[in-house]
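To keep things clear, I will list the structure first and then write my remarks on it.
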Amino acid sequence: MKRQARKTSKSQSEDRGVISRFMASVTGGYSGQEAEGEPATDLLKAEHDEVRALFKEFKDASDEGTTAKRVVDEVCRKLEVHAQLEEKVFYPACRRLRNLKARKIVAESLEEHTIVKKLIKELGGLSARDESFQAKATVLKEAVEHHADEEEKDLFPVAEDELGEERLHDLGAEMEALKARLLRAGGAASSMGRKQTTRSTRSRARRRTSSRARMSG
Ligand SMILES: [Fe+2]
């Protein structure tokens with residue numbers, strides 16, 4: 001019986017290996033070796049720390065408009081990616097945790113993401129000179145710090161305990177691959193915007209030339 005249980009768990013772990021290799025190959029991250037992801041909770045904690053450090057920079061620079069705007073823009077870009085990693089990879093895995101409090105934190109975090117995304121959108125359209133910029137950035141800072149503290153205190157330890165090391169490494173690898181894909185897509189979206197402008201300028205020029213040719217003919 002014990003042998004059967006070990007066999008099942010071995011084949012489950014092989015399945016998970018296949019899934020993470022598939023994910024990495026789809027996203028271009030697989031190089032023929034086993035994907036060695038950082039544990040998901042370590043990766044998310046490191047991202048929380050990066051954002052905390054940026055918010056500290058924002059607080060120290062709050063009377064210098066240009067620095068505050070640059071720092072807040074960077075925080076917003078990082079948070080947009082962070083939210084996707086949690087919503088698409090980490091939270092779905094945590095929804096099946098046995099610990100009820102941890103599952104409640106996942107539900108609460110999703111609501112907090114809605115508020116954070118709204119603030120990010122509003123901040124994107126504001127200059128640091130706008131009256132509400134400082135207020136919205138401060139509310140964003142408080143919401144994000146609360147979210148990060150709560151996850152680290154009440155969700156990550158449960159996830160580490162229940163999901164186990166191997167699953168956490170697999171989730172970490174999935175998140176790394178998704179992060180790389182999102183960052184590539186972000187860069188491609190902005191260069192595509194430039195290409196479309198160039199293409200539409202050229203086609204306008206072609207239309208002008210052919211209508212001039214028709215008029216002279
Ligand atoms: Fe988080």
| field | Pairwise FRET efficiency - LYS118 versus GLU150, Cβ, R0 = 25 Å, nearest 0.05 | value | 0.80
| message | Within 10 Å of each candidate Cβ there may be at most 16 other Cβ atoms; applying that plus a DSSP loop requirement, which trypsin sites (Lys or Arg not before Pro) in the range 88-177 survive? | response | ARG95, ARG96, ARG98, ARG129
| At a Förster radius of 35 Å, what calculated FRET efficiency corresponds to the Cβ-Cβ distance of GLU108 and THR66, to the nearest 0.05? | 0.50
| query | Can you give the relative contact order of the range 38-182 as a percent, counting alpha carbon pairs under 8 Å and 6+ residues apart? | reply | 41 percent
| request: Anything over 21 Å Cα to Cα? Flag those among LYS118/LYS153; LYS136/LYS179; LYS45/LYS104; LYS69/LYS118; LYS117/LYS179, in the order listed. | output: LYS118/LYS153; LYS136/LYS179
| remark: Length gained, LYS101-ARG184, 0.36 nm per residue minus C-alpha separation, equals 26.3 nm
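Rule-based calculations on the coordinates, nothing more; no lab input. Note that the coordinates shown come from a computational prediction; the quantities given were computed from them, not determined experimentally. Here the Cβ is made from the backbone with ideal geometry for all residues, glycine too, and neighbour counts use every protein chain on show.
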